[in-house]
Amino acid sequence: MRTIGLLLFSALALAAFDDDRKTIIRAIKDYAKQGSSSIPKIEPYLQDKDDEVRWEAVKAIAEVGGPRSLDPLLAATRDSAGEIQIRATDGLVNFYLPGYLKTGLLSGSLRRTTTAFRGRFSDVNNDIIDLGVTVKPEVIEALGKLVRDPNAAMEARACAARALGILRGKAALDDIYEGLRSKNDLVLQEGLLAVQKIRDLSSGPKIQFLLRDLNDRVQINAIETTGILRNRDALPTLKDILETDKNIKVRRAALTAIAMMADESSRPVFEKYFPDPDEGLRGAAAEGYARMKNPQDLPALEKAFNEEKKANPRLSQAFACVALGKRDIAEFSPLQYLVNTLNSKLYRDVAGPLLAELSRDTEIRRSLYPALNRPDATREEKIRLAQIFAATGDRETLDVLNKLKDDGDVQVGQEAARAARNLAARLP
């Protein structure tokens, strides 16, 4: 009987605890409806012993947002529960990149970020704050500590690494490097992507040890990052990987990285792979020719462009033709082909980075301005070109974007205004 009594008492106590928890969670949700003024009322629940209560508290504070949310969210990055750390991190990113909570790392579930490899690396990434946005140093510091914390859940460390990339957290690069020593594939992938976004060229040697990682995805990300950072010291390793690795995706990544650092010493490599049966390899070789900038290579590239049947290598060949002098905008020209491809859901993320790189050349950028005014120019073309000009333009480009603000399409006008702000923030 005594045992039965104890069990009954425990059951009643547990039921009462559940009722209390439900009451508290309901109160938190009601407070959240009141807006930012309610954050001081929610904040004490971040210290509750119950994980579910703390989760609801950090969730509410993140969704309410605003300046008052920053300090509580910073505190929540130090919580003992990984899911709470993740939600706090999402909330911090959302403050600087509104809307992130709808697409970020919610409910402790980390989105996989390795994109399908298409044979070249992106020079434009929308998952990053605008250049004019200033992030409080305390935020970068807190996220850096989380990335390198050996006691934190790996998902939380990976989430913090992603956040540092989005927030351009250069001050936390040493923390990211430490995270890259974790041997956890998810942290490695997110850390490498963060290094790509921060784009500090001194990072190249710091990630070189990952070029032969046993995980193919991590290895590809490391190779990709090496190419973006133009780490020429890694060229011998990349060439060896190209010739010896059995994974075609890894080999494509290696040749693409070599092509990003192209000079005459790599010409034999590009000559070997330019006619290769694999479309990724021959496309990467064409990009290598583009960056060597030898006009004598143009006839062969034009011939390849006109005869190519596959979209991926044809985009690379178009890129090379434009880089070597074919800058006219005409119906079947290589430059027009790249612009037209901005309308393709399947290949716009290939054409965009190639156009962005070309647009860094003043004369090529000027050749692209008329594409905004063509009668048949589409919304997608105008928006993506505006984004590209924001990253690559000069003061002359600012005038072009200011005119585009008056476009009859509201979405185009809004994106042009945003691009103009980003460009103005970047100009000296």
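Would you say Lys145 is closer than 18 Å to Tyr100 by Cβ, modelled with pLDDT of 95 or more and surrounded by fewer than 17 Cβ atoms within 10 Å (Cβ to Cβ)? Spell out the reasoning first.
On the way: closer than 18 Å to Tyr100 by Cβ: no; modelled with pLDDT of 95 or more: yes; surrounded by fewer than 17 Cβ atoms within 10 Å (Cβ to Cβ): yes.
No; evaluated as a whole, the condition is false for this residue.
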*Under 9 Å between Cβ atoms, at least 6 apart or on separate chains: pull out the pairs that start in the range 325-341 with a residue that is within 17 Å of Thr362 (Cβ to Cβ) and end on any residue that is of a type in the set (Gly, Ala, Ser) and not in a helix (DSSP H, G or I).*
Lys326/Ser333; Arg327/Ser333
_Please pick out the residue among Phe319, Phe332, Phe305, Phe274 that is closer than 25 Å to Asp394 by Cβ and among the aromatic types (Phe, Trp, Tyr)._
Phe319
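Listed residues Ala156, Ala222; which is modelled with pLDDT of 95 or more and either farther than 29 Å from Tyr347 by Cβ or aromatic (Phe, Trp, Tyr) (or both)? Working first, answer last.
Working: Ala222 fails: either farther than 29 Å from Tyr347 by Cβ or aromatic (Phe, Trp, Tyr) (or both).
Answer to the selection: Ala156.
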*Taking the range 51-85, which residues are under 19 Å from Gly99 (Cβ atoms) and within 26 Å of the chain's Cα centre (by Cα)?*
Val58, Lys59, Ile61, Ala62, Glu63, Val64, Gly65, Gly66, Pro67, Ser69, Leu70, Leu73
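Output the helices (runs of 4 or more DSSP H) that fall wholly within the range 295-395 and possess 1 or more residues being in contact with a helix residue (DSSP H, G or I) (Cβ under 8 Å, 6 or more places away or on another chain) and among the aromatic types (Phe, Trp, Tyr), or say none. Steps first, answer last, please.
Numbers: elements: 298-307, 311-323, 334-340, 348-358, 362-368, 379-392.
Helices (runs of 4 or more DSSP H) meeting the threshold: 298-307, 311-323, 334-340, 379-392.
For the range 278-324, what are the residues that are touching a residue at least 12 places away in the same chain (Cβ under 8 Å) and among the basic types (Lys, Arg)?
Our first condition is that a residue be touching a residue at least 12 places away in the same chain (Cβ under 8 Å); within the range 278-324, this holds for 278-295, 297-298, 300-302, 304-305, 310-324.
Passing the criteria: Arg282, Arg291, Lys293, Lys310, Arg314.
Conditions tested, residue by residue: (1) surrounded by 20 or more Cβ atoms within 10 Å (Cβ to Cβ); (2) at pLDDT 95 or above; (3) not hydrophobic (A, V, I, L, M, F, W, C).
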| position | (1), (2), (3) |
| --- | --- |
| Glu308 | no, yes, yes |
| Gln317 | yes, yes, yes |
| Val322 | yes, yes, no |
| Ala330 | no, no, no |
| Val339 | yes, yes, no |
| Leu342 | yes, yes, no |
| Tyr347 | no, yes, yes |
| Arg360 | no, yes, yes |
*Of the conditions (1) touching a Lys or Arg at 6+ places or on another chain (Cβ under 9 Å); (2) modelled with pLDDT of 95 or more; (3) within 30 Å of Glu307 (Cβ to Cβ), Val187 clears all except one; give me its number.*
(3)
_Checking Met154 against (1) of a type in the set (A, V, I, L, M); (2) touching a Leu at 6+ places or on another chain (Cβ under 7 Å); (3) surrounded by 20 or more Cβ atoms within 10 Å (Cβ to Cβ), only one condition comes out false. Which one?_
(3)
*Give me a count of the residues in the range 56-82 that are in contact with a Gly (Cβ under 8 Å, 6 or more places away or on another chain) and touching a residue at least 60 places away in the same chain (Cβ under 8 Å).*
1
*asked:* I need the full set of residues from the range 47-91 which are surrounded by fewer than 20 Cβ atoms within 10 Å (Cβ to Cβ) and closer than 22 Å to Met154 by Cα, in order please.
replied: Asp50, Asp51, Glu52, Leu74, Ala75, Arg78, Ser80, Ala81, Gly82
*On the given criteria, is Arg78 modelled with pLDDT of 95 or more, assigned to a loop (DSSP other than H, G, I, E, B) and either assigned by TED's automatic domain parsing to the domain that holds Arg199 or more than 30 Å from Leu346 (Cβ to Cβ) (or both)?*
yes
_Pairs with Cβ under 7 Å, 6+ apart, first in the range 351-364 and charged (D, E, K, R), second outside any loop (DSSP other than H, G, I, E, B) and crowded, with 20+ Cβ neighbours inside 10 Å_ = Arg360/Thr392
_I'd like to know if the range 299-309 contains one or more residues that are farther than 18 Å from Asp213 by Cβ and in contact with a Pro (Cβ under 7 Å, 6 or more places away or on another chain)._
yes
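The values are calculated or read from the model by the stated rules, or taken from the named source; none is laboratory data. The shown structure was predicted, so the numbers you read here are calculated from the model rather than taken from an experiment. Neighbour counts run over all protein chains shown; Cβ positions are idealised from the backbone, glycine included.
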